[in-house]
Amino acid sequence: MPAQQFTPARAARPTLFALSPLLVATLLSACGGGSGSSDYSLSGTVSGLSTSGLVLATGSQTVSVASGATSFTFPSGVGSYAVTVKSQPTGQTCAVTSGASGTASANVSNVVVTCRAYLAYVTHGSSDTVNGFSVSSTTGTLTALSSSGSAPTAYPPTNIVMSSDGSKAYVSFQDSPVIANYSVSSSGTLTLLANTAAVSETRGMTLSADGKYLYSTNYTDKSLGQFSVASTGVLSTLYPTSVAAGSTPLSVATTADGKYLYAANSGDATLTGYSVGSGGNLSALSTASYSLSSGSAPRGLAIASSQYLYAIQAGSAKLLAYSIDSSTGKLTALSPASVSTGTTPYAVALRSDGRCAYVVNRSDNTVSQYIISSGVPTALATATVATGSSPVAITLSPDDRFAYVANSGASTVSVYSVGTSCDLSLVTNVASGGSTPTNIVVR
């Protein structure tokens, strides 16, 4: 039988597939390559940063910037971006001064962050001026800026607030229905951007936590004004331009989570509450008004995070304490519902962690000081410290190391160091730069 011959099987040739450009791009993107919309680096420069704590953000990304650093880079690539200061460094204020936002089509490296020491501004009701000061990072004391750091005003100013990055300031007036919009340079120079019309003369103002909206008290109109803040810092009225409040509203405060706003109405002794819509518009809460004792004249307000609200009653010399319902915004009096202050309390300020409260008392020239536990304030063993004549306003430095009291009768600012147990210690008194201070801001 003839031998069988076997022909070995021919090896199969690999099959080549034509990949579409879309598939190629998808595969490359999955492997981390390609040039997709999130593949561009985002970086920039920093100037003037001498302390720790600066955190920058864009979307959900953050980057911590070390003390002394001159540059930063976000950890992941970006498409569209908008860089903001999420956390300020200790003792300094930083602002994104150039290249803050855009849509990347190449690696981005032109974001500029500028940092500076704190600045202080005092409004004066008799000399019609806003006066600026540099703030010592070691002692907290104030030194008057050059003339460019101060500004004359056409009417008596009543209040001043600043953006969280310290680049913009807003001033209200006693006898004019306008709010002045200023830019603030890193050296402290004030430049008037615009005068935005208000419904009536304004006393109290507050900025939303994200800086996108400003709210004001229309003193003679029984209403609150509401404004949007443009990227330039200029205010524009929302629609409607105002919402109803109680009689003679004096102050407003917003929660840190941006959900609620409250107003103190001196004329009818009420507090009113509002929810804040996605576009910044205010709507009265279902429980919108809270009546206080007749003639108690509520003035200042302060909110600890988004949990507790504090209101002062000038007529009855009380500091009231409320919890804030996170779902409804409803206020509930704590137990005890109030603590005593000095005579004619005029303004209240809180340490940023909500553990300390301070009330300036105009008629007895003191600051009442409290430690807070579970929202309830308790007077310190040393219940008050002395101020200058007729104190009317108080603020703390953003890092909580120093407190500042504007004394309208003495035309001075009292500077205090803030102890770990909430106790204030007088550092110095300095001339306020004008006559009859009405408010002070440090940023």
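The values are calculated or read from the model by the stated rules, or taken from the named source; none is laboratory data. All values reported here derive from a predicted model rather than from experimental measurement. Here the Cβ is made from the backbone with ideal geometry for all residues, glycine too, and neighbour counts use every protein chain on show. For the accessible areas, the whole protein counts, side chains as well, though only heavy atoms, and no ligand, DNA or RNA atoms are used. Shrake-Rupley method; radii C 1.70, N 1.55, O 1.52, S 1.80 Å.
I'm trying to understand the selection: among the residues of the range 291-327, which are more than 22 Å from ASP257 (Cα to Cα) and either open to solvent by less than 50 Å² (accessible area, probe 1.4 Å) or among the charged types (D, E, K, R) (or both)?
Listed by number, the residues that qualify are LEU292, SER296, ALA297, PRO298, ARG299, ILE312, GLN313, ALA314, SER316, ALA317, LYS318, LEU319.
Scan the range 254-268 for residues that are without any contact (Cβ under 8 Å) to a residue 60 or more places away in the chain, open to solvent by 10 Å² or more (accessible area, probe 1.4 Å) and part of a strand (DSSP E or B) and the total you get is 1. Determine if the range 383-394 includes at least one residue that is more than 18 Å from ASN439 (Cβ to Cβ) and without any contact (Cβ under 8 Å) to a residue 40 or more places away in the chain. The answer is yes, given that some residue of the range 383-394 is more than 18 Å from ASN439 (Cβ to Cβ) and without any contact (Cβ under 8 Å) to a residue 40 or more places away in the chain. Highlighted here are the strands (runs of 3 or more DSSP E) found entirely within the range 292-352 that include at least 2 residues which are polar (S, T, N, Q): 331-340. Taking the criterion of being over 14 Å from ASP221 (Cβ atoms) and either open to solvent by 40 Å² or more (accessible area, probe 1.4 Å) or not in a strand (DSSP E or B) (or both), the residues of the range 177-208 that qualify are SER185, SER186, SER187, GLY188, THR189, THR191, LEU192, LEU193, ASN195, SER208. Residues that are closer than 16 Å to THR328 by Cα, open to solvent by less than 30 Å² (accessible area, probe 1.4 Å) and at pLDDT 95 or above do not occur anywhere in the range 224-235. For the range 343-382, a residue qualifies if it is under 23 Å from SER435 (Cβ atoms), polar (S, T, N, Q) and within 26 Å of the chain's Cα centre (by Cα), and exactly one does: ASN361.
When you check THR143 against the structure, is it assigned to a strand (DSSP E or B) and β-branched (Val, Ile, Thr), yes or no? So THR143 fits the description; yes.
If the condition is being open to solvent by less than 10 Å² (accessible area, probe 1.4 Å) and in a strand (DSSP E or B), then the range 357-384 contributes ALA357, TYR358, VAL359, VAL360, ASN361, VAL367, SER368, GLN369, TYR370, PRO377.
Select from the range 69-86 the residues that are open to solvent by less than 50 Å² (accessible area, probe 1.4 Å) and either among the basic types (Lys, Arg) or under 22 Å from SER397 (Cβ atoms) (or both) and list them in ascending order. Hit for the range 69-86 is VAL85, nothing else. Being within 20 Å of ALA209 (Cα to Cα), touching a residue at least 24 places away in the same chain (Cβ under 8 Å) and assigned to a strand (DSSP E or B): is that true of LEU271 here? The answer is no for LEU271. Within the range 230-248, residues that are closer than 17 Å to SER208 by Cβ have Cβ atoms under 7 Å from residues that are surrounded by fewer than 13 Cβ atoms within 10 Å (Cβ to Cβ) and not acidic (Asp, Glu) in these pairs: ALA230/SER236, counting only partners at least 6 apart in sequence or on another chain.
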